[in-house]
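Before any comments, here is the structure.
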Amino acid sequence: MTLFLIAMLVVVVLILFEIPVAFAFGIGAVLFAYTTGNNISFLIPHGFKTASGFALLALPLFIFAGLLMAEGGISERLLNFVNSIVGRIKGGLGAVTVLTCALFGAISGSSSAAIAAVGQIMIPRMVREGYPEGHATALVACSSVLALLIPPSIPMIVFSITGGLSVGAAFLSTIIPGILLTLLYCGLNIWFLKDNPNIRLEPAVPFKQAAKNVATSGYQALFALLMPLLILGAIYSGIATPTEAAAIAVIYAVPVGLFIYKGMTLRSLGSVTIRAVTMTGSIMAVLFFLFIMSRAMILEQVPKELASALLNISENKYVLLLLINILLLLIGMIVDDISGSVLAAIIFLPIINQLGIDPIHFAAVVGVNLGLGNVSPPCAPMLYMAGGVSKLSLDRYITPTLKFLCFGHLPMVFLVTFVPELSLFLPRLLLGY
């Protein structure tokens, strides 16, 4: 256990010094294997075998599909559709941002893609309509992590495969928390802006014209809205596995982007392919070293020792869940959502099983908690990415971010942790879990 903690400390220090995450975990894995006397040449084949599994093929395919739809002009059509419904109330443009991030998450499965596609359009647009720049930036950053909860979620795929769980059940476990958090962020956005005199509203239109606008924008966004239904319908009807559904998503996204929305050309298709390969390569490098470290941890019985250490603190499962949530939050603050999902499965799933807590319930806890960590300083990758889009200094948007997190995301973490039915209702209803 001591050697593992030293190895993890080395990883954290390297990440804080801006060493690429894959290399940081690679050095940590080699250090841990060497100091514990494990033969690294024995561990490497395990990393290759796990990383090359058929189920994990869904990861690059969903990344590719998400980038294709982002390049194909989907984000603007989604924004226009949501804006036609809620854009004419005070704070409505912020609600449009939240809802579009949630919808975009259902298509791309990536928080960073949601910030890139939605943030670049909505932050300047909100500022033009009188929204404080810090509020607009914080709203995009916090809403982006809805992509972790609204399936298909790339971190949930990785967590499920690492932990040997049903990907479909894990997807379903985060839908209700994701919807509740979406509504909560919409409400908080409107509440925080209710006394702001600078917010400009779109002029009111007759009901008939408003309905026509909704119908028109909905028709234009139809192919975008059909994509998550196609993916999830294929999975839960039993027609396709998550990996096969990801392949269907890619096949669907190419003609939609090229010929229907016409936001993509053959040249940009090539550049999107290169970006998808690059992103997949960086993620797979991280996963490879994490799988090596996980094997070494299991051989050294680190999860068992950690479980014993926590059980020595308390045998009350609610107290232990609270401690695990704190540790998950710290992990989310330091590493990205995908790396955090693997670490959560490796370190905490054995403890969860020993405590008799449902692993699918824990999948939802991991998704909500890592989302909180990804926008919580010091590292906060999604928060700083949104700040990069708005080109603001941290002091301009840290206060509104903390308000959203304290009144929105943090209560949702506790709600999901201590009310298991929120995450287990849909898996039981649709899968007989």
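Each reported figure results from applying straightforward, stated rules to the coordinates on display, with no laboratory input. All figures in this text were calculated on a predicted structure; none of them were measured in a lab. Cβ atoms come from the backbone with ideal geometry, glycine included; neighbour counts cover every protein chain shown.
Assorted remarks:
- Backbone HN-Hα couplings from phi across segment 146-152 [Karplus 6.51/-1.76/1.60, Hz, Gly and Pro as x]: 4, 5, 6, 10, 8, x, x
- Förster-model FRET efficiency, 41 Å R0, Leu299 and Thr265, C-beta, rounded to 0.05: 0.20
- Applying 1/(1 + (r/R0)^6) with r as the Cβ-Cβ distance of Thr35 and Ala309 and R0 = 22 angstrom yields a FRET efficiency of 0.65.
- Ordered by the number of other Cβ atoms lying within 10 Å of each residue's own Cβ, fewest first, Arg200, Arg125, Arg295 fall into the sequence Arg200, Arg125, Arg295.
- For the chain, a Gaussian network of Cα nodes joined below 10 Å ranks Ala117, Ala344, Ala240 by mean-square fluctuation, and the top entry is Ala240.
- Modelled label reach - Ile326, point 7 Å along Cα→Cβ, segment 400-433 residues with backbone N closer than 19 Å: 406, 410-418
- Three semi-axes of the equivalent ellipsoid, segment 131-197, Cα gyration tensor, whole Å, largest first: 32, 12, 6
- The chain - mean residue ellipticity at 222 nm from DSSP helices (-39,500 (n - 2.57) per run, n ≥ 4, rounded to 500): -24500 deg cm²/dmol
- The long axis of helix 154-163 is offset from the longest Cα principal axis of the chain by roughly 20 degrees.
- Centroid-to-centroid separation of segment 356-430 and segment 251-293 [C-alpha atoms, Å]: 26
- Annotation: for a label point projected 7 angstrom from Cα along Cα→Cβ of Val214, residues of segment 81-118 with backbone N closer than 14 Å are 81-89.
- Whole-Hz ³J(HN,Hα) from phi, Karplus 6.51 cos²θ - 1.76 cosθ + 1.60, for segment 307-317, glycine and proline x: 4, 5, 5, 5, 5, 6, 6, 7, 9, 6, 5
- A simple spin-label model places pseudo-atoms 7 Å from Cα toward Cβ; at Leu229 and Leu431 they are separated by 2.3 nm.
- Ile85 versus Leu201: modelled label distance in nm, points set 7 Å from Cα along the beta carbon direction: 2.0
- Burial ordering of Val21, Val140, fewest other beta-carbon atoms within 10 Å first: Val21, Val140
- Amide H contacts under 5 Å for Asp358, placed H, 5+ residues apart: none
- Cross-link pairs exceeding 32 Å between alpha carbons, from the set Lys90/Lys317; Lys208/Lys262; Lys262/Lys391; Lys208/Lys403; Lys49/Lys304; Lys90/Lys208: Lys90/Lys317; Lys208/Lys403.
- Most fluctuating residue given options Ser143, Ser339, Ser52, as computed from a GNM of the chain linking Cα atoms under 10 Å: Ser52
- GNM top mover of Leu188, Leu392, Leu372 - the chain, alpha-carbon springs below 10 Å: Leu392
- When Val389, Val342 are sorted by how many other C-beta atoms sit within 10 angstrom of their C-beta, beginning with the fewest, the order is Val389, Val342.
- Short-range pairs are left out: with C-alpha atoms under 8 Å and at least six residues apart, the relative contact order of the chain is 26 percent.
- Note on Val13 and Tyr384: the model spin-label points, each 7 Å out from Cα along the C-beta direction, lie 1.9 nm apart.
- Ratio Rg/Rh, restricted to segment 141-247 and using Cα atoms, in which Rh is the Kirkwood radius: 1.09
- Cα-based values for the chain, radius of gyration first and Dmax second, are 21.5, 75 Å.
- Using C-alpha pairs under 8 Å with a sequence gap of at least 6, the mean separation divided by the residue count of segment 249-358 gives a relative contact order of 28 percent.
- Computed over Cα pairs, the Kirkwood radius of segment 6-140 leads via Stokes-Einstein (0.890 mPa s, 25 °C) to a diffusion coefficient of 136 µm² per second.
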